Structure formats: structure tokens, C-alpha cells
Amino acid sequence: MLNHYEAAFILTPVLSEPQMKEAVDKFENLLKENGATILNREEWGLKKLAYPIQGKTTGFYALLQFDVEPAVIATLETAFRRDEKVLRFLSFRLDKYAFEYAEKRRNVNLKKQEEA
């Protein structure tokens, strides 16, 4: 049974834009290799952190929405822990209300991109 998940993570600010995209691609490919269906990918860019993490005050924020078997989450979180570029991460299962909200947000973002 596939569940809906989101994984939000913060990458170190010393990366260049291509390196940041490469890191997000790495986690996306890891999910795809384990049978996940990627629903949405958002790169929020460089943001100020609420508090310093490892002496850094900014970080690249990214979000992945996907459907996958629950056992794959442990593999993803292990990859987050092993990667030195990742400052913090959070992965969680979406209930039906959170999934509906995420769909609405995704549709609004698509409309904004089409208008631009």
C-alpha cells in the first residue's frame, strides 16, 4: 500500500545553485529507484534560518511530495543523515486532509507558473 509523504530538507548555503539542484535530484532519484512516484518538487531557494545550525544562518530549502511504500522512508532518512550537505530534514506521512491541501497548493503553483 502506497502512502502520501512529504520530505522537507535544508541544504548547506555554501553550495552553488547547480550543486543544490544536483543534491535535490539525488534524493529524487533515490526515491524513484525505490518505486516512488514524485508528485511535486519545490525548491524554495536560500532562506534565513530561525536559529543557527552548525554555525550557518541561511540554507537552501527544498520539498518533495511523493507516494511510496512506508519501508522506503527509512532508506531516504538514512541518505539524508549520510549526506554532509543536509543541515536538517523532516519527512512525514500526509493524512487525507493534508494531502488535499497539498494538492490545492500544487495547483495554485502550477497556475502561477503558467501565467508567468
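We did not get these values from a lab; they are worked out from the coordinates using the rules stated. Only a predicted model underlies this, so the values are computations on that prediction, with no experimental measurement involved. Backbone-built Cβ (ideal geometry, glycine too); neighbour counts: all protein chains shown.
Annotations for the structure displayed:
- Taking 0.36 nm per residue of separation and subtracting the Cα-Cα distance, full extension of the segment from L15 to E114 would add 32.7 nm.
- Ordering 12-19, 53-60 by mean Cβ neighbour count within 10 Å, with the highest value first, yields 53-60, 12-19.
- For the chain, calculated [θ]222 nm from helices alone, where every DSSP H run of n ≥ 4 adds -39500 (n - 2.57): -14000 deg cm²/dmol
- Each Cα pair under 8 Å and six or more residues apart adds its separation to the average, and for the chain the resulting relative contact order is 39 percent.
- Gyration tensor (alpha-carbon) shape descriptor, the range 40-89, a/c threshold 1.5: oblate
- Order by protection proxy (mean Cβ within 10 Å, highest first), peptides 99-105, 21-27: 21-27, 99-105
- Amide H to amide H, with H built 1.01 Å from N, L87 comes under 5 Å of I10, L11, T12, counting only residues 5 or more places away or on other chains.
- Computed from point charges on the beta carbon alone (+1 for Lys and Arg, -1 for Asp and Glu), the dipole magnitude for the chain about its Cα centre is near 400 Debye.
- Taking all pairs of distinct alpha-carbon atoms in the chain, Kirkwood radius in angstrom: 14.9
- Full-extension gain in nm, L30 to L46, via 0.36 nm per residue minus C-alpha separation: 3.4 nm
- When both the range 1-16 and the range 45-116 are represented by their alpha-carbon centers, they are found 4 Å apart.
- Linear extension gain, L63 paired with T37, 0.36 nm per residue minus alpha-carbon span: 7.9 nm
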